[in-house]
Amino acid sequence: MKRIVSIVVTLILGFAGIAAQAQSVEVRFLKGKPFGKADLPSVENVITQKYRLKKTDDGLRLTIPKEDITAEIWAVEVVPTFMTAKKGDAGYWMNGRGVYGLYDKEEGSFYKQRSVTPVYAMKKGDVIWYGHVKKWRFDYNYIVRAKEGRYESVLRFRADRVRAYFDLYDDIVVDYNSIKGENADYNGVAKAYREYQMANNGVRTIKDRAKDYPQLDYLAESFTIRIQTHASKHIATEIPKEQADFTPETEYPLEVHMPFGVAEEFMQAIKDAGVDKATFVSAGWNYGGYDGRTPQHFPVEPSIGGEEGLRRMIERAKKLDYQITLHATNTDGYTVSPMWDPAWAGKLKNGKYDRGMVWAGGWNINVCQVASWNGWVQEEMVKMADLGTVGPHYIDVYSATYPNICADPNHPATPEIMAQYQNKILTRAKELMGGAASEGAYDHVAANIDYINYVERDLKNLWEGNTPFVTDVFPFWELVYHGIIFYNPDRATQNHTRGKCLYKLEKSGDPRWMEGDGIVDPKVSLKIVEFGARPIFYTYKFADVPRIKRAWDEYVPVRHLQKELMTKHECLMENVYMTTFEDGSRIICNYNDAVIEWSGNKVQPISYILINPDGSVYVPKAF
């Protein structure tokens, strides 16, 4: 190991201006064989060092020079001494989505492979510390461990994952700061991070962007209905992935679900039901159907109506005063594609293809976005815009995971470089089609995204009992991005008036995922309101028309808040929460089975009230 910089200073920390000595961070260099999840390494495979934090203009900074991470080290764990606690302490740990846990366990752990925002926090007493990963943002795991009642909050940086593509090319850098007093909670951290994003990363509010992209005003008053899908092939989960490099002779047959002409009738049925505004996303319009033969999209799939049918469907949507846009897949490539070429394939350092999962087109080969930008993607987007779509162009996956990596010497791209090209492509989509959208909440593309389908699946995991170490989920991401990006909170709150999915397989290209049990949980509807979200539907089922109308009726009374920043979220009493918006509006949600009273207002069981800025109160119909 090289000499570790040690700087001891007295400085002012955090927005509350608390004086403290420079804090130390324990850094564990892990040797031996890599292991997953939150496991503790054995003592003989750990080299532990103390690193001192350096004062910056904004707080404290940890820097671990890449030279310190020698060849035998597969991971580096960062454990700040000031981000520890013990069972019974007042406070909580929290990750970058808002998943949190109280200090109420003797043993246990939480592990997250990726993080939608590069921040995390730990509150103890009247102080909350938070960290912001500035370098290696795409190459760390978040871990919280409790052992014998002692909690530690850990960042595990995966050197082995980086080395699969490149030699280590950057130092690890994490900035730390603290807030003390009445603002020392997740709201305070969210405000600080939002201000950082707006000051440094080009993030703008919806109100501001609407001056350049007026379609956003319509988007705020509508919600998204994905025609999922016009056509798709069966997902080959029953065969080994090594057998899923299909050719035109071996690929699975295309199944037609909703031809363009039927989609016109579907839109008309939704209009007739009383849904005045909707943003449709046409998924599976492309050659070979949903994910079928990408990265090639054209010609428009002939079995569902071809280009003539698609143009007619787009015009019908516009006559109904609906927005309509296209689902594009820029990151997934398949050997069955007519434009298959190893030249655009993402590659590891050893020359092998960078692979993903098996989808409708086969075993995915990740497409290098540098190669696509310099190749075909710009021309394809011009052709898509020429079809006459109106609304944010949807590019799958860009915001649902970290950027891919490519070690091909002809177009090498670290995840940071790949993120730059994703943003270039999204920016071009906005220029051509008036907006851009994607799937999830990973915020390396936040400056160029207008809406996402969902934030994460943490509520789903919690509600299904998969994360016993977790207490609940704060709307932390929402506090950062409400009024900036339109969203639905979680996989568990999508299609919410359809009931639970009847099938365990939840790959959206599988038509069975469209079936629900029809049992509506009003607490799910209430969670959408509490988290300031929009409904979203993935469907080609006419049976879902009344369900969409029900969600529309829930959404209309609160949709005017979509363009307001969310400024505060708090628990007023057990199972009662208040969400406050920039214009002064307040929503009080009651999850109890009994009426509650707050500040002279009654809130019905499993319902909410909206207190407007002028003091008037809206009371909704029962969910």
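The values are calculated or read from the model by the stated rules, or taken from the named source; none is laboratory data. All figures in this text were calculated on a predicted structure; none of them were measured in a lab. Methodologically, a virtual Cβ is constructed for each residue, glycine included, from the backbone with ideal geometry; neighbour enumeration extends over all protein chains shown. Quick note on the areas: whole protein, heavy atoms, side chains included, nothing else; ligands and nucleic acids left out. Shrake-Rupley method; radii C 1.70, N 1.55, O 1.52, S 1.80 Å.
Odds and ends about this structure:
- Residue check for residue 294: among the hydroxyl-bearing types (Ser, Thr, Tyr), in contact with a helix residue (DSSP H, G or I) (Cβ under 7 Å, 6 or more places away or on another chain), open to solvent by less than 10 Å² (accessible area, probe 1.4 Å) and under 27 Å from residue 382 (Cβ atoms): no
- Contact annotation: residue pairs with Cβ atoms under 6 Å, 6 or more positions apart or on different chains, pairing a residue in region 183-202 that is farther than 13 Å from residue 446 by Cα with a partner that is open to solvent by 10 Å² or more (accessible area, probe 1.4 Å) and part of a loop (DSSP other than H, G, I, E, B), are 184/126; 186/474.
- Residue count for region 1-45, restricted to those that are under 20 Å from residue 172 (Cα atoms), assigned to a strand (DSSP E or B) and either modelled with pLDDT of 90 or more or open to solvent by 50 Å² or more (accessible area, probe 1.4 Å) (or both): 6
- Subset of region 498-551 (residues that are in a loop (DSSP other than H, G, I, E, B), of a type outside the set (A, V, I, L, M) and within 27 Å of residue 218 (Cα to Cα)): 498, 508, 531, 532, 534, 535, 540, 541
- Within the set 185, 208, 212, the sole residue that is buried (at least 18 other Cβ atoms within 10 Å of the Cβ) and among the acidic types (Asp, Glu) turns out to be 185.
- Residues in region 373-383 that are out of contact with any Leu (no Cβ under 9 Å at 6 or more places or on another chain) and surrounded by 21 or more Cβ atoms within 10 Å (Cβ to Cβ): 377 only.
- Selection status of residue 610, part of a strand (DSSP E or B), modelled with pLDDT of 95 or more, touching a Lys or Arg at 6+ places or on another chain (Cβ under 8 Å) and not basic (Lys, Arg): yes
- Taking strands (runs of 3 or more DSSP E) as the structural unit, those lying wholly within region 46-106 and holding at least 3 residues that are open to solvent by 40 Å² or more (accessible area, probe 1.4 Å), touching a residue at least 12 places away in the same chain (Cβ under 8 Å) and farther than 15 Å from residue 153 by Cβ correspond to 46-52.
- In the condition set (1) within 30 Å of residue 208 (Cβ to Cβ); (2) in contact (Cβ under 8 Å) with a residue 24 or more places away in the chain; (3) open to solvent by 20 Å² or more (accessible area, probe 1.4 Å), residue 580 is compliant with all but (2).
- Here is the figure for region 455-482: residues that are part of a loop (DSSP other than H, G, I, E, B) and either touching a Phe, Trp or Tyr at 6+ places or on another chain (Cβ under 7 Å) or farther than 14 Å from residue 494 by Cα (or both) total 12.
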